[in-house]
Amino acid sequence: MAKLTANTIVVHPESGQPVLLAADGDLPDWAEGMVGDHLLEQPANKTAGASGRESSTASSSEAPKAPPRSGPGSGAPEWRSYASKVGVDVPADAERSDVIAALDAAGKPTK
């Protein structure tokens, strides 16, 4: 069973409810394929021919800034984009409050 390197939230396929998967915990069988390799200690899909390139966010000299909490640019799409940039997986249809909660749980800046 794969071990997680960071917190993430996924939607349980049977209940439809968001589930927090915590860093250092095992990835449940039902969640395989629902989290990116960047969140796993040993990525499931690594092959010997992989390019070995690092993520562009990992090499960026400036960390992305959190979207505003209100006003223009404060909607769910902006928050989902920010979560992706800082390595927090959220469902494509996650609401803004759920994204912010996932970011907080992962220890990422939200202000």
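What follows is calculated from the coordinates using simple rules that are stated; it is not laboratory data. From a predicted model like this one, the values you see are computed outputs, not experimental measurements. All Cβ positions, glycine included, derive from the backbone under ideal geometry; neighbour counts span all protein chains shown.
So in segment 71-109, with the set limited to residues that are small (Gly, Ala, Ser) and not in a loop (DSSP other than H, G, I, E, B), which one is nearest to residue 12 (Cα to Cα)?
By that ranking, first place goes to 102.
Can you give me the number of residues within segment 11-36 that are exposed (fewer than 12 other Cβ atoms within 10 Å of the Cβ) and assigned to a helix (DSSP H, G or I)?
Selection size over segment 11-36: 1.
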